[in-house]
Amino acid sequence: MRVIYSTDQERHAPLGEFNRGVLGQPYERPQRARELVGGLRSAGLTIETPDAFPVDPIARVHDAGYLAFLESVHSEWRAAGRDGDAFPLAFPIRSFRSDRPPVSLDGRVSYYAFDISTVITEGTWQTIRASADCALTAARDLVHDGRSLALCRPPGHHAGRDFFGGYCFINNAAVAAQALRDAGAERVAILDVDYHHGNGTQAIFYDRSDVLYASIHADPATDFPYFLGYADETGMGAGEGANCNIPLPRGTVWSTYSDALDVALGRVKAFGADATVVSLGIDTFAADPLSHFQLTNDDFAKLGAALGTLGTPTMFVMEGGYAIDDLGANLVRILHGIEGT
Ligand code: SP5
Ligand code: ZN
């Protein structure tokens, strides 16, 4: 399995995150990446650095104004004499205009953000470009490699065409899926096994028949991102039937998860994709501090074995996972499961 990662992905370092009303240590922090890399190295895997791609393949799934905002907002924040991280003040919800970004700095941060857990720091732009470069490098070489892992950090699946949130800014899996399409794959499947619904990925491809989005995740009635991810969201227009959500209750253990995985894998296989992108979150782990599924260490080997049955070239894109001490070992269990070793 080819693994791709850049230490530039450690430059996005939020100062804090609100949890239960208190500003504490961010869950999504650079140490996550270092733990994943450390685990893979201990298991004997070699890690390669990505090539640098222009912004064009990212702009295939993201709005140009949104990308310009992400690139400049932190310097604007500093130029305005502010300390700390860029942070939204309001949200354009029901009855507000959401068809145009305001002019002011606070207005624009508020327009593009959908939560308060995802802040923009001095190193964010460089980090998210490096993270996307991992996905783009893996996608470019997938036909040759057969299988690869883009060790993306920060994650991407909550980011939409013109919004950020859920620790995500650039939707690495969506960028990869589009790059695969542009390189000649006629149908691409995205299978999302992160604990949370990938609302950004779903939204990007919702009206398209060429990219299937299938996801197993916590019920949005109880869990983030709260406002998307129900089973009755099946796609729209040409994309009707190319979106498959399988929400599961808190407390879900492997036997239930495994049944859902069989359904999702069945959908992916029936779609007849030329390539598959797996949004690989490992926050389904019982000890994950954000999540409420009950998968064990051993279950990740079973998850890998199931993912290894995908018949197409398959690239894995890292998403969430916050149980720092177990991240590396759980990722290694998945990779061994995939390879049947
Ligand atoms: C990519 C990804 O996994 N994003 C997840 C974003 C979740 N953000 C909000 C989580 C708030 C949950 N509160 C947890 C209480 C823990 N005791
Ligand atoms: Zn997640």
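For region 210-341, what class follows from the C-alpha gyration tensor (a ≥ b ≥ c being the square roots of its eigenvalues): rounded when a/c is under 1.5, otherwise prolate if a/b is larger than b/c, else oblate? Here region 210-341 falls in the oblate category. Rounded to the nearest whole Hz, the Karplus-based 3J(HN,Hα) values (6.51 cos²θ - 1.76 cosθ + 1.60, θ = phi - 60°) of region 145-161 follow the sequence 6, x, 9, 7, 10, 8, 7, 6, 7, x, x, x, 5, 7, 7, x, 3, with x at glycine and proline. Evaluating 6.51 cos²θ - 1.76 cosθ + 1.60 at θ = phi - 60° for every residue in region 270-283, the Karplus couplings come out as 5, 5, x, 6, 7, 7, 10, 10, 9, 7, 9, x, 10, 8 Hz, glycine and proline recorded as x.
Between region 285-328 and region 167-195, the C-alpha centres lie 18 angstrom from each other. Here is the list for region 188-269: chymotrypsin sites (Phe, Trp or Tyr not before Pro) lying in DSSP coil, each with at most 15 other C-beta atoms within 10 angstrom of its C-beta, are Y226, F227, Y230. Computed extension length for D99-A79: 4.5 nm, one decimal, from 0.36 nm per residue of separation with the Cα-Cα distance subtracted. For the chain, with the dipole built from +1 on Lys and Arg beta-carbon atoms and -1 on Asp and Glu ones, taken about the Cα centre, which of A64, I334, N199 lies farthest toward the positive end? Towards the positive end, the residue furthest out is A64.
In loop segments of region 1-58 as defined by DSSP, the trypsin sites (Lys or Arg not before Pro) with at most 11 further C-beta atoms inside 10 Å of their C-beta are R20. Which residues does a label at T222 reach in region 273-304, if reach means a backbone N under 17 Å from a point 7 Å past the Cα toward the Cβ? Inside the label zone: 283-296. Surface exposure of region 66-214, expressed per residue as accessible area with a 1.4 Å probe, stands at 36 Å².
Mind putting a number on the dipole of region 159-308 about its Cα centre? Charges go on the C-beta only, +1 for Lys and Arg and -1 for Asp and Glu, and I need it in Debye to the nearest 20.
160
Within region 62-142, none of the GluC sites (Glu not before Pro) combine a DSSP coil assignment with at most 13 other C-beta atoms in a 10 angstrom radius.
Listed peptides 92-101, 295-304 appear in the order 295-304, 92-101 once ranked by packing, highest mean of other Cβ atoms within 10 Å at the front. Think of it as helices only: each DSSP H run of n ≥ 4 in the chain is worth -39500 (n - 2.57), and spread over all residues that comes to -11000 deg cm²/dmol at 222 nm. Accessible surface of the chain, 1.4 Å probe: 52 percent of it comes from carbon and sulfur atoms. Per residue, the average separation of C-alpha pairs within less than 8 Å and at least 6 apart gives the chain a relative contact order of 18 percent. Shape summary: region 133-242 maps onto an equivalent ellipsoid whose semi-axes, from the alpha-carbon gyration tensor, are 22, 17, 11 Å in decreasing order.
Scaling against 2.2 N^0.38 Å puts the C-alpha radius of gyration of region 58-111 at 1.21. Here, the chain is characterised by an Rg to Rh ratio of 0.94, where Rg is the alpha-carbon radius of gyration and Rh the Kirkwood radius. Working from label points 7 Å from Cα in the Cα-to-Cβ sense, the R250 to T46 distance is 4.6 nm.
Against the longest principal axis of the chain, how steep is helix 30-42, in degrees 0 to 90 to the nearest 10, with axes from Cα atoms? Approximately 20 degrees, to the nearest ten. One quarter of the surface of the convex hull around the alpha-carbon atoms of region 286-341 equals 3.9 nm², the direction-averaged projected area.
Basic side chains Lys and Arg get +1 at the Cβ, acidic Asp and Glu get -1 at the Cβ, and with that the dipole of region 20-91 about its Cα centre reaches some 360 debye.
Between H196, H292, H158, the GNM of the chain built on Cα springs shorter than 10 angstrom shows H292 fluctuating the most. Placing a pseudo-label 7 Å from each Cα along the Cα-to-Cβ vector at D325 and D262 gives an inter-label distance of 3.5 nm. Over all other residues within a Cβ to Cβ distance under 14 Å of S279, the charged ones net out to -3, with Lys and Arg as +1 and Asp and Glu as -1.
The values are calculated or read from the model by the stated rules, or taken from the named source; none is laboratory data. Every value quoted in this text rests on a predicted model; they were computed, and no experiment measured them. Please note: Cβ atoms are built from the backbone with ideal geometry, for glycine as well, and neighbour counts cover all protein chains shown. In case anyone asks, the SASA skips ligands and DNA or RNA and just uses the protein heavy atoms, side chains included. Shrake-Rupley method; radii C 1.70, N 1.55, O 1.52, S 1.80 Å.
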